[in-house]
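What follows is one structure encoded as structure tokens, with my remarks underneath.
Values quoted throughout were computed directly from the atomic coordinates according to the rules given, and no laboratory measurement underlies them. Since the structure is predicted, the reported quantities are computational estimates derived from the model, not experimental observations. Positions of Cβ are backbone-derived with ideal geometry, glycine not excepted, and every protein chain shown enters the neighbour counts.
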Amino acid sequence: MKLMISMVTGSMKGFWEDEEGLGTLEMILIIAVLIAVVLLFKDKIQDVVEALIKTAGDKSQEVFE
């Protein structure tokens, strides 16, 4: 009985200390945070990208003039 209890506690301790899935969890959390930031600042990001595209278009027109 004592041997069985020590085997179970050893298995549980090994499972608790297993870090194989930790990298996957970290990646999922990072992606979730990035998605949340994009959703929060969607309008501001869109304004900045549109301004950059407009500036690039204006500069390219200067080259051809």
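If r is the Cβ-Cβ distance from residue 7 to residue 29 and R0 is 22 Å, what FRET efficiency results, to the nearest 0.05?
For R0 = 22 Å, the calculated efficiency reads 0.05.
Using a simple spin-label model with points 7 Å from Cα along the Cα→Cβ vector, what separation in nm is obtained for residue 58 and residue 46?
Going by the 7 Å Cα→Cβ label model, 2.2 nm.
Could you run the Karplus curve 6.51 cos²θ - 1.76 cosθ + 1.60 with θ = phi - 60° over the stretch 34-49 and give me ³J(HN,Hα) per residue in whole Hz, x for Gly and Pro?
Values per residue, Gly and Pro as x: 4, 5, 5, 5, 4, 5, 5, 10, 4, 5, 5, 4, 4, 4, 5, 5 Hz.
Using mean Cβ contacts within 10 Å as the protection proxy, how do 44-51, 58-65 order, highest first?
My ranking of the peptides, most packed first, is 44-51, 58-65.
Is the shape of the stretch 21-65 best called rounded, prolate or oblate, per the rule: a/c under 1.5 gives rounded, else a/b larger than b/c gives prolate, else oblate, with a ≥ b ≥ c the square roots of the Cα gyration tensor eigenvalues?
Since a/c reaches 1.5 but b/c is at least a/b, the shape of the stretch 21-65 is classed as oblate.
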